[in-house]
Amino acid sequence: MPQAFLHPSENQSKNRKLILIIPGVSNFLKRVLLRIFMNSYGSFPLYILPALTPPHYYIKIFSQKVFWLDRDFEGGALVGISCATSNVHEGYKIADRFRKAGSVVVLGGIHVSCLPE
């Protein structure tokens, strides 16, 4: 296992947290239109990554969650966020809040792959 994903203060025997997120679109009208025309059910990697993750990880998956509470932003977790252009601004906001809480954030998805800067 790559040591880069381990928080230095964590005990090796403790479960590690992996949080996978596909951000929702915060604008209600855009969210409804995307649901109707794009028929979006989530991202394929969101279902593959948990199957490939070692068993000592505790996995949480949030698909198109719109309302976030302060308690949702945990520290010490590895957070993967998959963004399309329609939800990238929401993804950036979520990433910033997880980073402030002390988590490591990895952005991915079509928008991030096409526009890495």
* To do: Quick one: in the stretch 100-117, of everything that is assigned to a helix (DSSP H, G or I) and at pLDDT 90 or above, which residue is surrounded by the fewest Cβ atoms within 10 Å (Cβ to Cβ)?
  => Lys100
* To do: Residues being surrounded by fewer than 19 Cβ atoms within 10 Å (Cβ to Cβ), over 23 Å from Asn15 (Cβ atoms) and not hydroxyl-bearing (Ser, Thr, Tyr): count how many of those fall in the stretch 89-99.
  => 3
* Say we look at the stretch 52-65 and pick out the residues that are surrounded by 12 or more Cβ atoms within 10 Å (Cβ to Cβ) and not in a strand (DSSP E or B); which of these is farthest from the chain's Cα centre (by Cα)? -> Thr53
* For the stretch 93-117, how many residues meet the condition of being over 20 Å from Leu46 (Cβ atoms) and either touching a Leu at 6+ places or on another chain (Cβ under 9 Å) or basic (Lys, Arg) (or both)? -> 2
* To do: Kindly list, by first and then second residue, each pair from a residue in the stretch 47-64 that is farther than 16 Å from Gly91 by Cα to a residue that is in a loop (DSSP other than H, G, I, E, B), limited to pairs with Cβ atoms under 8 Å and residues at least 6 apart or on different chains.
  => Pro54/Met1; His56/Asn15; Tyr57/Asn15; Tyr58/Asn15; Ile59/Thr53
* Meets criteria (surrounded by 15 or more Cβ atoms within 10 Å (Cβ to Cβ), in a strand (DSSP E or B), among the small types (Gly, Ala, Ser) and modelled with pLDDT of 80 or more) for Gly80 -> yes
* To do: Of the numbered conditions (1) modelled with pLDDT of 85 or more; (2) closer than 11 Å to Ile19 by Cα; (3) not charged (D, E, K, R), Ala51 fails exactly one; give the number of that condition.
  => (2)
* To do: Please work out which one of (1) at pLDDT below 70; (2) loosely packed, with under 13 Cβ neighbours inside 10 Å is the condition Lys30 fails and give its number.
  => (2)
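The values are calculated or read from the model by the stated rules, or taken from the named source; none is laboratory data. Source: prediction; values computed, not measured. Every residue, glycine among them, receives a Cβ derived from its backbone with ideal geometry; neighbour counts consider all protein chains shown.
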